[in-house]
1. Enter the accessible area of Val19 (Å², nearest 10), with the probe set to 1.4 Å and all protein chains included.
2. Using only the alpha-carbon atoms, how far is helix 28-39 inclined from the longest principal axis of the chain? Give it as 0 to 90 degrees, nearest 10.
3. Carbon and sulfur atoms: what percent of the 1.4 Å accessible area of the chain do they account for?
4. Just to confirm, what accessible area per residue do you get for the chain at 1.4 Å probe, in whole Å²?
5. What value, in deg cm²/dmol to 500, does the helix sum -39500 (n - 2.57) over DSSP H runs of n ≥ 4 give at 222 nm once divided by the residues of the chain?
6. Can you compute the modelled spin-label distance between Tyr2 and Asp51, with each label point 7 Å from Cα toward Cβ, in nm?
7. Near Val39, within a Cβ-to-Cβ distance under 12 Å, what is the net charge of the other residues, with Lys and Arg +1 and Asp and Glu -1?
8. Of all trypsin sites (Lys or Arg not before Pro) in segment 25-62, which ones are in loop regions per DSSP and have a Cβ with at most 12 other Cβ atoms within 10 Å?
Amino acid sequence: MYAFVLMLYLGYGSERKLVVDDLYFSQLNVCNRVAEALVERYSTHGIATADRAVAYCLPIKITDDSLHVY
(Lines give C-alpha, C1' and ligand atoms only; values in the text may rest on other atoms or scores of the structure.)
Protein backbone atom coordinates (compact mmCIF):
# COMPACT_ATOMS: atom_id res chain seq x y z
CA MET A 1 0.00 0.00 0.00
CA TYR A 2 1.20 3.50 -0.79
CA ALA A 3 0.45 6.58 1.32
CA PHE A 4 1.80 10.04 2.07
CA VAL A 5 3.76 10.85 5.21
CA LEU A 6 3.66 14.36 6.62
CA MET A 7 7.04 15.80 7.61
CA LEU A 8 6.98 18.84 9.93
CA TYR A 9 10.12 20.80 10.78
CA LEU A 10 10.40 23.65 13.29
CA GLY A 11 13.18 26.20 13.42
CA TYR A 12 15.49 27.72 10.86
CA GLY A 13 18.88 26.82 9.39
CA SER A 14 21.06 24.55 11.51
CA GLU A 15 18.54 24.82 14.36
CA ARG A 16 15.77 23.22 12.26
CA LYS A 17 14.46 19.99 13.78
CA LEU A 18 12.09 17.31 12.50
CA VAL A 19 9.20 17.14 14.98
CA VAL A 20 6.60 15.04 13.13
CA ASP A 21 7.22 12.14 10.78
CA ASP A 22 4.54 9.65 11.78
CA LEU A 23 1.31 10.98 10.28
CA TYR A 24 0.19 8.96 7.26
CA PHE A 25 -2.54 9.88 4.78
CA SER A 26 -4.09 7.91 1.96
CA GLN A 27 -4.87 11.06 -0.03
CA LEU A 28 -2.34 13.73 -0.95
CA ASN A 29 -4.88 16.57 -0.81
CA VAL A 30 -5.73 15.73 2.83
CA CYS A 31 -2.04 15.54 3.75
CA ASN A 32 -1.42 18.91 2.11
CA ARG A 33 -4.34 20.53 3.96
CA VAL A 34 -3.01 19.31 7.31
CA ALA A 35 0.51 20.48 6.39
CA GLU A 36 -0.86 23.90 5.46
CA ALA A 37 -2.73 24.23 8.75
CA LEU A 38 0.33 23.22 10.78
CA VAL A 39 2.60 25.90 9.31
CA GLU A 40 0.11 28.77 9.48
CA ARG A 41 1.27 31.38 11.99
CA TYR A 42 -0.40 34.49 13.40
CA SER A 43 1.67 37.28 14.87
CA THR A 44 1.70 41.05 14.95
CA HIS A 45 5.44 41.16 15.71
CA GLY A 46 6.87 38.71 13.20
CA ILE A 47 7.83 35.09 13.67
CA ALA A 48 10.90 34.12 15.68
CA THR A 49 13.27 31.80 13.85
CA ALA A 50 12.63 29.06 16.43
CA ASP A 51 8.91 29.20 15.59
CA ARG A 52 9.22 28.95 11.81
CA ALA A 53 7.68 25.82 10.38
CA VAL A 54 7.99 23.86 7.16
CA ALA A 55 5.77 20.92 6.32
CA TYR A 56 5.46 18.72 3.27
CA CYS A 57 4.12 15.34 2.25
CA LEU A 58 6.20 12.53 0.79
CA PRO A 59 4.95 9.39 -0.94
CA ILE A 60 5.99 6.19 0.80
CA LYS A 61 5.31 2.49 0.59
CA ILE A 62 3.74 1.16 3.78
CA THR A 63 4.73 -2.38 4.70
CA ASP A 64 3.59 -2.28 8.34
CA ASP A 65 -0.14 -3.04 8.54
CA SER A 66 -0.30 -1.76 12.13
CA LEU A 67 0.28 1.88 11.07
CA HIS A 68 -2.78 4.10 11.15
CA VAL A 69 -3.45 5.82 7.84
CA TYR A 70 -5.88 8.74 7.84
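The values are calculated or read from the model by the stated rules, or taken from the named source; none is laboratory data. From a predicted model like this one, the values you see are computed outputs, not experimental measurements. Methodologically, a virtual Cβ is constructed for each residue, glycine included, from the backbone with ideal geometry; neighbour enumeration extends over all protein chains shown. Note: accessible area is taken over every heavy atom of the protein model, side chains too, but ligands, DNA and RNA are not part of it. Shrake-Rupley method; radii C 1.70, N 1.55, O 1.52, S 1.80 Å.
1. For Val19, solvent-accessible area is about 80 Å².
2. Once rounded, the angle reads 20 degrees.
3. Ligands and nucleic acids excluded, carbon and sulfur give 54 percent.
4. 73 Å²
5. -5500 deg cm²/dmol
6. With each label placed 7 Å out from Cα toward Cβ, I get 3.9 nm.
7. 0
8. Arg41
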